[in-house]
Amino acid sequence: MLDLTSVVVGPACTWRLAQYGAEVIKVEAPEGDLMRGLGGASRTGQHSGTYLHLNRGKRNISLDLKKPGARDVMARLLEWADVVVANMRPHALERLGLDAASVRARHPNTIHCLITGYGTDGPYAGRPTYDSVVQGASGVAGLFGARDGEPSYVPMVVCDHVVGEIAAGAILAAVIRRNAGAGGSSIEVPMFETMAAFVLQEHLAQQSFDPPVGPAGDQRLLNPRNKPLRTADGWISVTINTDPQVRAFLRAVAREDLLEDERFATVAARARNVQEWFEVRGAGLSGKTTREWLAIFGAADIAAMPCHTLESLSDDPHLAAVGLMSPERHPTEGAVTAIRSTIRQEGAYPDPGAFAQPRGWETRAILEGIGIDADEIAALLDSGAAIQVPRPW
């Protein structure tokens, strides 16, 4: 697989496929992936934490595609690759001859996946975008406005992660079709439409009918009280959906007086009286600690967990027990934390793959692997068409 992606949405896609066992060669420009610096400080300035996590398990070659020799190398890489993934703007890909039409004209059995901001068949095609812009355009930020009175961003690049995972699934589906004899395919995964569909699948709601049977929006999710609940020493996340869970919750919080209240007796009744139900649900937890409530709710089989901070999440005992994170040594960054795949198969988690490589870490080895001879490699490196990073040993 040839990885022509950068920042988050594309690397999240190709990281997932690397975890599934794909051999991934990441092509980086001389200036490097923006996420090397954008994801926060690092020891060397070359590998942010985000970059380390989203680019492990990939081999790295650095090419300057403005130079003719690098274009020739890219042509050889395209002969090697059976899947190409890109998240450049469509016109940039066309200029480089790396768009789906150009690639598949030469290699019809190749699967080409373009992850783009906006579908190329619409008026927004080709516009620049980032996760926060998509959060605004798709209505994700507006959901906070409906609940809290003003729009807000989810404080992580959630659109990039969601769309990257969807693109990985689309590529795997294309591989299955090709293996069944259907040949290669051209895939386009637009961020805007994908996230708009996510929002509308839940929040078109009563406007899904013609004529509408009520306002748009799931009123439970948009209720201002639909938030973690304060305890004596922190916050707790609790969800109560079924009628038995509601009765168990009312007993747990000493509100037996509401057990026969018709407003809360059924799912439909609670939906009609969502404001009153959330007032009941959110009241009265400040008298006990989070640990005490977790014990009470656990005994009642109610879904509840502590509302972690960024600091406490890393210390969660379940995550420690399953080994989600582990220490390792990076050749340039020293001691770092690795995060493995969360998907378990046949009782085991896949090998997380090697560390995220410095830019151009395997340039020479990859050039050799696609059949370029030593003299040509030397010329490519001397001209700057290809860059091999010096090894620290």
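Here are a few things to note about the model shown:
- Odd one out for Asp131 among (1) free of Cβ contacts under 8 Å to residues at least 60 places away in the same chain; (2) within 28 Å of Val83 (Cβ to Cβ); (3) of a type in the set (D, E, K, R): (1)
- Single residue of region 34-76 satisfying the filter (over 20 Å from Thr14 (Cα atoms) and either acidic (Asp, Glu) or touching a strand residue (DSSP E or B) at 6+ places or on another chain (Cβ under 8 Å) (or both)) that is surrounded by the most Cβ atoms within 10 Å (Cβ to Cβ): Val73
- Scanning region 205-227 for residues that are under 30 Å from Ala304 (Cβ atoms), acidic (Asp, Glu) and at pLDDT 95 or above turns up nothing.
- Residue, surrounded by the most Cβ atoms within 10 Å (Cβ to Cβ), within region 152-194, restricted to residues that are among the charged types (D, E, K, R) and over 18 Å from the mean Cα position of the chain (by Cα): Arg178
- The lone criterion from (1) outside the structural domain of Met74 (by TED's automatic domain parsing); (2) among the aliphatic types (A, V, I, L, M); (3) surrounded by 13 or more Cβ atoms within 10 Å (Cβ to Cβ) left unmet by Ile377 is number (1).
- Every condition in (1) assigned to a helix (DSSP H, G or I); (2) out of contact with any Cys (no Cβ under 7 Å at 6 or more places or on another chain); (3) not charged (D, E, K, R) holds for Val213 except the one numbered (1).
- Listing of helices (runs of 4 or more DSSP H) fully contained in region 250-300 that carry 3 or more residues being surrounded by fewer than 14 Cβ atoms within 10 Å (Cβ to Cβ) and in contact with a helix residue (DSSP H, G or I) (Cβ under 8 Å, 6 or more places away or on another chain): none
- Within region 188-210, being touching a Gly at 6+ places or on another chain (Cβ under 9 Å), closer than 23 Å to Ala146 by Cβ and outside any helix (DSSP H, G or I) holds for one residue alone: Leu204.
- Check on Ala105, within 21 Å of the chain's Cα centre (by Cα) and either within 22 Å of Lys66 (Cα to Cα) or free of Cβ contacts under 8 Å to residues at least 40 places away in the same chain (or both): no
- The C-beta contact set for region 60-71 (first residue without any contact (Cβ under 8 Å) to a residue 60 or more places away in the chain, second residue part of a strand (DSSP E or B) and aliphatic (A, V, I, L, M), distance under 7 angstrom, 6+ apart or interchain) is empty.
The values are calculated or read from the model by the stated rules, or taken from the named source; none is laboratory data. Predicted, not measured: the structure shown is a model, and the values here were computed from it. Neighbour counts are summed over all protein chains in view; Cβ atoms, including those assigned to glycine, are modelled from backbone coordinates with ideal geometry.
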